[in-house]
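The values are calculated or read from the model by the stated rules, or taken from the named source; none is laboratory data. Because the structure is predicted, anything quoted here is derived from the model rather than measured. Backbone-built Cβ (ideal geometry, glycine too); neighbour counts: all protein chains shown.
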Ligand code: GUN
């Protein structure tokens, strides 16, 4: 029997817990955790994500600051803003929404963020920390997936985990987190030969490609756990994941839906990272 994992419910539980922890932290220290979210340009999906992040901050009791900059903002102007935020004692977390316009170097921007405020976990200091097992912050989507797996009671030691997609945001950090929990990990990508043969080995299959419904039933082992990170807008305006849910779900033991699976967990983990950042700063 297949269980659909309810990311909305788990995310709500975590946010409620964070609300309590935040008010206790504030009562104790007088500090309100502050998150700055920077958006450059007017990508519609990014605008929606940034709006959700601000709303989650308010709901939990964080200070939320939004910087919406025009698409022709120079790299220097963006670097200046980041330097300002690095020095701003009211701000504990800085998130620059990706993707950035092509004329701005994503690597240079990420490297400019103070690693102690890098609540995305994208700074090379934190990426290195993830490789060796002691990052300050773990990227939010992979952290959210680990939390979902843990709270659903899915054991990982000795399991075959297969990730489709090798992005810095999801695929690569996901592999390191699964490895740390003793899974045997394979990362697939566009040059992988015989993708269905590899995905069919997976006890835990993570789809993070960005191609609507590309994981079909023939690519999934019976009773696999399937986690769908894809958010793809169809021509009819509806959202679809990377997994062909209707045909894949009956074969699985657990599966996440789109929407309502991984997405809400990403925001919950961003809030957790921001509280962690504020707590760490209070101890300095
Ligand atoms: N774009 C898509 N996912 C993310 C994310 O987790 N963080 C940032 N900063 N940008 C993104």
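Structure notes:
- Count - residues of segment 105-122 that are buried (at least 22 other Cβ atoms within 10 Å of the Cβ) and away from the ligand (no atom under 11 Å from the Cβ): 1
- Residue 90 being outside any helix (DSSP H, G or I), more than 15 Å from the ligand (Cβ to nearest atom), farther than 30 Å from residue 181 by Cβ and at pLDDT 95 or above: yes
- Selection within segment 109-141 - over 25 Å from residue 76 (Cβ atoms), in contact (Cβ under 8 Å) with a residue 40 or more places away in the chain, more than 14 Å from the chain's Cα centre (by Cα) and part of a helix (DSSP H, G or I): 130, 131
- Residues of segment 7-64 that are more than 16 Å from the ligand (Cβ to nearest atom), in contact with a strand residue (DSSP E or B) (Cβ under 9 Å, 6 or more places away or on another chain) and in a loop (DSSP other than H, G, I, E, B): 32, 33, 62.
- Taking residues in segment 88-100 that are more than 16 Å from residue 46 (Cα to Cα) and in contact (Cβ under 8 Å) with a residue 60 or more places away in the chain, and partners anywhere that are more than 11 Å from the ligand (Cβ to nearest atom) and part of a loop (DSSP other than H, G, I, E, B), the pairs with Cβ atoms closer than 7 Å and at least 6 places apart or on different chains are 92/33.
- Matching residues in segment 213-231 - criterion: being without any contact (Cβ under 8 Å) to a residue 60 or more places away in the chain, assigned to a loop (DSSP other than H, G, I, E, B) and closer than 20 Å to residue 168 by Cα: 230
- Among residues of segment 244-262, those that are outside any loop (DSSP other than H, G, I, E, B) and either away from the ligand (no atom under 13 Å from the Cβ) or surrounded by fewer than 24 Cβ atoms within 10 Å (Cβ to Cβ) (or both), counted: 9
Yes/no per residue for (1) over 16 Å from residue 3 (Cβ atoms); (2) surrounded by fewer than 14 Cβ atoms within 10 Å (Cβ to Cβ); (3) over 23 Å from the mean Cα position of the chain (by Cα); (4) modelled with pLDDT under 95:
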site	(1), (2), (3), (4)
205	no, no, no, no
212	yes, no, no, no
216	yes, yes, yes, no
219	yes, no, yes, no
230	yes, no, no, no
238	yes, yes, no, yes
242	yes, no, no, no
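- Residue check, residue 178 touching a residue at least 12 places away in the same chain (Cβ under 8 Å), outside any loop (DSSP other than H, G, I, E, B) and within 16 Å of the ligand (Cβ to nearest atom): no
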